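These notes are about the structure you will find just below.
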Amino acid sequence: MSGQMLWGTVLLGLCLFLHVGFLIVDIRLLKWLNKKLWASGPLLSTAVLLSAALILIVFSHSVQVWLWALSFIAFGAFSDPGTAMYFALVTYTTLGYGDLVLAENIRLYGAFASVTGVLGFGLSTAFLVAVFAKLLPNHLAD
């Protein structure tokens, strides 16, 4: 059980570190795009900036799901990459259909994928709220 806790904590930490890194890249990209697009008008610049923010966030979550899927394969929970990816995605999003269940020797480890998703989606939501709060007053002004 302590091994599951240790490895789950390690991968959770790695995923959230990566997610924060992607958000920092997103901030830099948004600043750069904003300078380039400011003269093109508020509608186009707002659409491009929000789209760029969303694309990087989705990419970050996808990378994390891939990491969890690969870890499930490495720990022997699944041999089929498609099944591992499906389980990782359903667990990461906390959807949890229940059609696939981990063996007891890795069940606790698998729960960390859900915690990673909840924290990652929370960070993403906070980031997008901050982006909206910054963009909308500037781009909706008359």
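Nothing in this text is a laboratory measurement; each read-out follows from the coordinates by a stated rule. Everything numeric here is computed off the predicted structure, so don't read it as measured data. Because the Cβ atoms are built from the backbone with ideal geometry, glycine has one as well, and the counts that use them run over all protein chains shown.
Laid out as a table, the results:
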{"quantity": "Qualifying residues in the stretch 3-37 (those that are aromatic (Phe, Trp, Tyr) and buried (at least 16 other Cβ atoms within 10 Å of the Cβ)) - the one nearest to Lys134 (Cα to Cα)", "calculated": "Phe22"}
{"quantity": "Checklist (1) part of a helix (DSSP H, G or I); (2) surrounded by 12 or more Cβ atoms within 10 Å (Cβ to Cβ) applied to Ala126, failing item", "calculated": "(2)"}
{"quantity": "Of all residues in the stretch 70-123 being in a loop (DSSP other than H, G, I, E, B) and within 21 Å of the chain's Cα centre (by Cα), the one that is surrounded by the fewest Cβ atoms within 10 Å (Cβ to Cβ)", "calculated": "Tyr97"}
{"quantity": "Near pairs, Cβ below 9 angstrom, 6+ apart or cross-chain, from the stretch 67-86 (at positive phi) to any residue that is of a type in the set (Val, Ile, Thr) and crowded, with 17+ Cβ neighbours inside 10 Å", "calculated": "Gly76/Ile106"}
{"quantity": "Criterion (hydrophobic (A, V, I, L, M, F, W, C) and more than 22 Å from Met5 (Cα to Cα)) met by exactly one of Phe127, Phe121, Phe72", "calculated": "Phe127"}
{"quantity": "Scope the stretch 50-69; condition surrounded by fewer than 17 Cβ atoms within 10 Å (Cβ to Cβ) and either of a type outside the set (A, V, I, L, M) or under 10 Å from the mean Cα position of the chain (by Cα) (or both); matching residues", "calculated": "Ser51, Val58, Phe59, Ser62, Val63, Trp66"}
